[in-house]
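The values are calculated or read from the model by the stated rules, or taken from the named source; none is laboratory data. Values in this document were obtained by computation on a predicted structure and should not be read as measured data. Every residue, glycine as well, gets a Cβ built from its backbone with ideal geometry; the counts of neighbours run over all protein chains shown. The protein model used for the area step is the full one, side chains on, heavy atoms only, and it has no ligands, DNA or RNA in it. Shrake-Rupley method; radii C 1.70, N 1.55, O 1.52, S 1.80 Å.
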Amino acid sequence: MSPAISLVITNYNRAPFLDRAIRSCIGQVLFRVPYEIIVIDDASTDDSNDVIAEFGTDVVHLRNEVNQGVAATSNLGLEAATGEYWMRVDADDFLGQFSCTYMKDILDHNPGVDFVFCDHFRVDMRGVMQEHVRLDNDEALFNHGAGVMFRTESVRDAGGYDESLRNCEDYDLLVRMKALGSIGFHLPIPLYRYYIHGDNLTLSQERQSARELVRKRHGLSD
C-alpha cells in the first residue's frame, strides 16, 4: 500500500534535536494510515548521520555529500516522496502526536483545499511550551512555513522550493502558491512544536534579509 503521507525532515548540524524530531514523526497517532518518514542530511559535520542510522528501516535516510541548503534539500525530499500529502519538519522542531490525523482529515474531506497549517507552540530546549503562536493571517503563515501539510502535487505544480534562496524558501513557496490560487486552511490548534534558540533561522539577520528580497520579488508591501 502506498503511503498516504510523506513526512520530510531536513537537517544540517542539528544532532542534539534530531532524535526528538524523528521520534515525533514515528509517534504519530494514525489508524490504518500508511506513511513514510524521509530524513535528509545536508552534509552535516556533527554526528547527525549516526543519529539517523539508529532508526534503521523506520526512516528513509538520504544524504547530500556537499551542503546544498534547505531549499535544495527540501526539493530532494519532494522528489523522493511517494505520499499523497507532504509535510516538512525542521530538525530542531517536532510534531504533536495527532498532527497528521487532524490535518489529513481536513484534506481528505475538502478536495478544494491545497494545504493545511496549524498554530505553533514555541518551546524551550527541553520541549517545555513557552508561547502559543497563532498563524491566523498570511504574514504569520509565511513566516512559519514548516509544519504545513500540502497535497504533494500542489507543491510540485508550484515548482517546489526556489534553490536560489538560502533562507525564506518556505515563505517564497507559500506566496507563490497563494498567487497561483492555492487554498489554505488554518487549523487553530497548536500541533507543531517550534524550538526557538540563538541561531534559529527564523530570527536570524540572514532570514530577515531574505524575507525582504522575497517580498520585493513578489511585490508585497509592509
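Descriptive notes on the structure:
- Hits in segment 118-132 (condition: modelled with pLDDT of 85 or more and open to solvent by 20 Å² or more (accessible area, probe 1.4 Å)): F121, R122, E131, H132
- Selection from segment 54-74 of residues that are closer than 10 Å to V39 by Cα and among the aliphatic types (A, V, I, L, M): V59, V60, L62
- Conditions (1) modelled with pLDDT under 90; (2) within 16 Å of the chain's Cα centre (by Cα); (3) surrounded by fewer than 21 Cβ atoms within 10 Å (Cβ to Cβ): number failed by Y195: (3)
- Of the criteria (1) in a strand (DSSP E or B); (2) in contact with an Asp or Glu (Cβ under 9 Å, 6 or more places away or on another chain); (3) under 15 Å from G184 (Cβ atoms), which one F117 fails: (2)
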